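Reading through the structure tokens given below for one structure.
The values are calculated or read from the model by the stated rules, or taken from the named source; none is laboratory data. In this text the structure is predicted, and so the values were computed from the model without any measurement. Quick reminder, even Gly has a Cβ in these numbers, built from the backbone with ideal geometry, and neighbours come from all protein chains shown. To get the accessible areas, we keep the full protein, side chains included, count just its heavy atoms, and leave off ligands, DNA and RNA. Shrake-Rupley method; radii C 1.70, N 1.55, O 1.52, S 1.80 Å.
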Amino acid sequence: MGLPNASGDLSTEVEVDAFRRLFPLRFYKKHLFESIRPDARPLGRARETTIALGAVASANGSALAKIGSTTMLAAIKMEVMTPSLETPDEGCIAIDFHMPPICSPIVRPGRPAEGAPVVAKQLSDTILSSGMINLKELSLVSGKAAWMAYLDIYCLDADGALFDTALLSAVAAFSHLEIPVVSLNDDGKIVLSEEQGLSDREPVNKEKRKINLSSVPFSLTCVLHKNYILADPTAEEESIMDTIVTVVLDSSSQLVSLHKPGGTVLAYTSAIQDCIALTRQRVKELQKILEEGISGMEVD
Amino acid sequence: MEVDREDGRSQNQLRPLACSRNILHRAHGSASWSQGDTKVLAAVYGPKAGTKKNENPEKACIEVIWKPKTGQIGKPEKEYEMILKRTLESVCILTVNPNTTTSIIVQVVNDDGALLPSAINAACMALVDAGIPMKHLAVAICCCVAKSGYVILDPTKLEEQKMKAFAYLVFPNSVHSVLPEGSLRVEGEPIENGIITSVTHVDDYFYCLERGRAASVKLSDFLRRNLQQQSTDSSKAG
């Protein structure tokens, strides 16, 4: 990774790593001029993405998603609860996002990370408003019992694009989710049936069923710097270039959410359209990766 | 398409705006902004010496504290703080006073829809009152898309709850050029900050942007008149 020696500035006298730390913007400018990034990606390409379903054996649904080095573990636990009076035949989803100190040197124990509540709220807004899950499917006995799904997402390694990876792991966990078999016992309470076919009680749902996902949301975070658009930034890129745009599209290319919280670069309509186009491509890639993950599980 | 809104406004009509500055005497700058029944109070203290631990000491730093009307501070308040902080950081000239912190405290007095845009407008006016150097003002507007596809501006709380999607858009204020020929050769007008949630078509979003830009011109005019009036009043009082 050599720097061009033609320029007569400090780049010839200082080592590459030191230059990267001391003058990050100039380091990036030299790379962007050649339309490439320090990790040899072209500007519009995202990092390598993998999904592993069923990472947590004791949870009803779980997934481990990695985009580059950013790693997120999502797990869903289901619990029976009484639905509220206004929506007697709908279940409920509670989404929580945690950034434990393992993920980054900026996060220390006792003091919650600054970005964590923001990502948590964005996630719950996106998942609930995208209509991915029909809450009526989570109902058991109308007015008396319904499922409450607790989705917890833990960030294990924070290297940029946290929202993307978290959303991907949540979606993968929901596609892995199997609703357990329950039955109504004599007191009118719902209990978990240990085995199927054990029958002095009639099971409320016959077998472990998967939940139906419609219009699955996928996202892409881009960073705007002057007139360059960098897709899927690492933590280093996010900290130097502060204008971050996150676009969430669902599987039919409808816009679910566009989030651009301030930033020094003002976004013209053309920049937004480019971001949306990059996201469309990314949605196709992610759909393929998710389907491969699911079919891989079913082979077992 | 004629749309009936409950308070009789047309689709693109904003609620009555009111703004007063310098209402808190201890704060270095303060402003109260109301759009219809939504009222927000903003106070600015600063610049104070020193920046927080992870912030860049070569630039000024902005800290936002959001106080809801009732209840404890939770995730929505943290999100609003983050959005306000980033928006105001892009509006203020941060290199003028390096290694300082400017605190902006936003207090929600009443929430009747379009809360975040009102807060952004109030914070900008408070920064003007405090004399913090800024590149331009941020003008914020809220657009909603209904299920049947029509777009309304500046919804009330009831209207917001019935809508399919909403967008908070922040634009830099419109420029009145002193030169007779436009020095504005920009292709389209830029947006600083846009948040939209819930499923819509991409085209709807660009339509919202158009409506929002048009309304931001009206808001910019209101801000200009308001700032000019108050500055002539204070010169008379002196």
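Things to note:
- B:Asp112 meets all of the listed conditions (1) within 14 Å of another protein chain (Cβ to nearest Cβ); (2) open to solvent by 20 Å² or more (accessible area, probe 1.4 Å); (3) under 21 Å from B:Gln35 (Cα atoms) but one, namely (1).
- Subset of the stretch B:141-156 [in contact with an Asp or Glu (Cβ under 9 Å, 6 or more places away or on another chain) and either open to solvent by less than 30 Å² (accessible area, probe 1.4 Å) or of a type in the set (A, V, I, L, M) (or both)]: B:Ile141, B:Cys142, B:Cys143, B:Cys144, B:Val145, B:Ala146, B:Val151, B:Ile152, B:Thr156
- The stretch B:67-109, residues that are more than 14 Å from the chain's Cα centre (by Cα), farther than 21 Å from A:Gln122 by Cα and within 13 Å of chain A (Cβ to nearest Cβ): B:Ile93, B:Leu94, B:Thr95
- The condition (being within 23 Å of B:Gly212 (Cα to Cα) and buried (at least 19 other Cβ atoms within 10 Å of the Cβ)) is satisfied by just one residue among B:Leu84, B:Leu41: B:Leu84.
- Failed condition for B:Glu79, given (1) within 24 Å of A:Pro112 (Cα to Cα); (2) outside any helix (DSSP H, G or I); (3) acidic (Asp, Glu): (2)
- Evaluated against (1) closer than 29 Å to A:His98 by Cβ; (2) more than 14 Å from every other protein chain (Cβ to nearest Cβ); (3) at pLDDT 90 or above; (4) crowded, with 16+ Cβ neighbours inside 10 Å, B:Thr51 falls short on exactly one condition, (3).
- Residue in the stretch A:171-192 that is in a helix (DSSP H, G or I), at pLDDT 75 or above, within 14 Å of another protein chain (Cβ to nearest Cβ) and within 13 Å of the chain's Cα centre (by Cα) present: no
- Any hit, the stretch A:28-41, residues being over 24 Å from the mean Cα position of the chain (by Cα), closer than 25 Å to A:Ser239 by Cβ and crowded, with 20+ Cβ neighbours inside 10 Å: yes
- Residue within the stretch A:158-167 that is part of a helix (DSSP H, G or I) and of a type in the set (Asp, Glu) present: yes
- A single entry from A:Gly91, A:Gly160 fulfils the requirement of being at positive phi, open to solvent by less than 20 Å² (accessible area, probe 1.4 Å) and touching a helix residue (DSSP H, G or I) at 6+ places or on another chain (Cβ under 8 Å): A:Gly160.
- The stretch B:87-109, residues that are within 23 Å of B:Lys157 (Cα to Cα), of a type in the set (Val, Ile, Thr) and open to solvent by 60 Å² or more (accessible area, probe 1.4 Å): B:Val109
- Lone unmet requirement of (1) farther than 30 Å from A:Ser139 by Cβ; (2) at pLDDT below 85; (3) over 18 Å from the mean Cα position of the chain (by Cα) for A:Ser253: (3)
- Sole exception among (1) among the hydrophobic types (A, V, I, L, M, F, W, C); (2) modelled with pLDDT of 90 or more; (3) under 14 Å from B:Gly113 (Cβ atoms); (4) in a loop (DSSP other than H, G, I, E, B) for B:Leu24, by number: (3)
- Qualifying residue in the stretch A:287-295 (condition: modelled with pLDDT of 85 or more and open to solvent by less than 10 Å² (accessible area, probe 1.4 Å)): no
- Restricting the stretch A:98-143 to residues that are free of Cβ contacts under 8 Å to residues at least 40 places away in the same chain and touching a helix residue (DSSP H, G or I) at 6+ places or on another chain (Cβ under 7 Å) leaves a set whose member that is nearest to B:Ile83 (Cα to Cα) is A:Val118.
- Restricting attention to the stretch B:1-38, the residues that are closer than 18 Å to B:Ile132 by Cβ, surrounded by 12 or more Cβ atoms within 10 Å (Cβ to Cβ) and among the basic types (Lys, Arg) add up to 1.
- Boolean, B:Val64 is within 13 Å of another protein chain (Cβ to nearest Cβ) and touching a residue at least 40 places away in the same chain (Cβ under 8 Å): yes
- The number of residues in the stretch A:206-238 that are out of contact with any strand residue (DSSP E or B) (no Cβ under 7 Å at 6 or more places or on another chain) and either in a loop (DSSP other than H, G, I, E, B) or without any contact (Cβ under 8 Å) to a residue 40 or more places away in the chain (or both) comes to 7.
- Which listed residue, of B:Glu192, B:Glu159, B:Glu187, B:Glu181, is open to solvent by less than 20 Å² (accessible area, probe 1.4 Å), at pLDDT below 60 and of a type in the set (Asp, Glu): B:Glu192
- Filtered residue count, the stretch A:249-278, keeping only those that are touching a residue at least 24 places away in the same chain (Cβ under 8 Å), hydroxyl-bearing (Ser, Thr, Tyr) and either surrounded by fewer than 20 Cβ atoms within 10 Å (Cβ to Cβ) or assigned to a helix (DSSP H, G or I) (or both): 3
- Any hit, the stretch A:92-102, residues being over 14 Å from the mean Cα position of the chain (by Cα) and within 14 Å of chain B (Cβ to nearest Cβ): yes
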